[in-house]
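Everything on this sheet refers to the single structure shown next.
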Amino acid sequence: MKLLLTSAGVKNESIHEALAGMLTRPIEECSALCIPTAMYGHPMAGPGVDAWQFIAGRSEQPMCELGWKSVGILELTALPSIDEGRWIPLVREADVLLVSGGDALYLCHWMRECGLTDLLPSLSETVWVGMSAGSMVTTPRIGKEFVGWKPPAGGDAALGLVDFSIYPHLDHVDLPENTMANAQRWAAGISNPAYAIDDHTAIKVVDGTVEVVTEGHWKLFNPLP
């Protein structure tokens, strides 16, 4: 699976170009599935109008409105109650998964519960476009500062698809606590490499190669020797 891990969606031309380069065909020929599940776990994101805006392509974080051939909804909380044959083929056929922000550990829980996590290794050409929590869920740990919804086993562990953690929305005007100084303190509590990224930055991961795509600012903490 190819990963495009953003803070706020496909926010600028550089991130858009990176996404286009990861796809096997033009965006207008690609089918997408959007995953809004993380929003329901976060008190400021859903359920309600914000989830609808994300799905409808009317949010301030461009994901679903990029001109896809088709956009479907994959609601992870519903999948355990229906036959796998009704949704797994849809995932395999999709060119891209668009994963909303919200609560990363809530998303992680439902990815495991529904079986999506087990499917990911077989999706070698699929592009995962994460936004905020949708990016953080791919990391080894999100850090205690970002724990909201608490998983049954506790802790802050996520999926570990990559070997670094992500601090999103760096220096966001509406999130005054998301400063570089606080990001540094967050990173000090995480042993693995950790990126602080603003809303105009994304991290591209293809075949294990990590590349920062940015028109904003970012910093890597705890780099590997």
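Out of residues 5 or more away from residue 167 or on other chains, whose amide H comes under 5 Å of its own, with H placed 1.01 Å from N in the peptide plane?
195, 196, 197
To the nearest whole percent, what portion of all C-alpha pairs in the range 1-43 is separated by more than 11 angstrom? Walk me through the numbers on the way to the answer.
Details: 669 of 903 pairs.
Counting pairs separated by more than 11 Å, the tail of P(r) holds 74 percent.
Using only the alpha carbons of the chain, what is the convex hull's orientation-averaged projected area in square nanometres? Mind dumping the intermediate values first?
Numbers: hull surface 46.4 nm².
Averaged projected hull area, Cα only: 11.6 nm².
Per the Kirkwood definition applied to all pairs of different Cα atoms, how many angstroms is the hydrodynamic radius of the range 74-123? If you can, show how the numbers build up before the last one.
On the way: mean 1/r = 0.0873 Å⁻¹.
Result for the range 74-123 stands at 11.5 Å.
Are any of the pairs 150/204; 69/219; 2/219; 11/69; 2/69; 11/219 more than 24 Å apart by Cα-Cα distance, and if so, which? Walk me through the numbers on the way to the answer.
On the way: 150/204 28 Å; 69/219 35 Å; 2/219 22 Å; 11/69 20 Å; 2/69 20 Å; 11/219 18 Å.
The answer is 150/204; 69/219.
Take every Cα pair under 8 Å in the range 92-167 that's 6+ residues apart, average their separations, divide by the length, and report that relative contact order as a whole percent. Intermediate results must be reported in sequence, preceding the final value.
Values: 116 pairs, mean separation 28.5, N = 76.
Worked out over the range 92-167, it gives 38 percent.
Starting from 0 in steps of 10 Å, tell me what percent of the Cα-Cα pairs of the range 17-108 lands in each bin.
Here the calculated profile for the range 17-108 is 16, 46, 33, 5.
List residues of the range 11-43, by number, whose backbone nitrogen lies under 18 Å from a label position 7 Å along Cα→C-beta of residue 56.
34-37, 39-40
If R₀ is 25 angstrom, what is the calculated FRET efficiency for the pair residue 145 and residue 173, using the beta carbon separation as r and rounding to 0.05?
Values: r = 19 Å, r/R0 = 0.77.
Using R0 = 25 Å, I get an efficiency of 0.85.
Give the percent of DSSP beta bridges with both residues in the range 120-225 that are antiparallel, rounded to the nearest 5.
Details: 11 of 14 bridges.
Counting DSSP beta bridges with both partners in the range 120-225, the antiparallel share is about 80 percent.
Here, each number is a calculation from the coordinates, and none is a lab measurement. All figures in this text were calculated on a predicted structure; none of them were measured in a lab. Neighbour counts run over all protein chains shown; Cβ positions are idealised from the backbone, glycine included.
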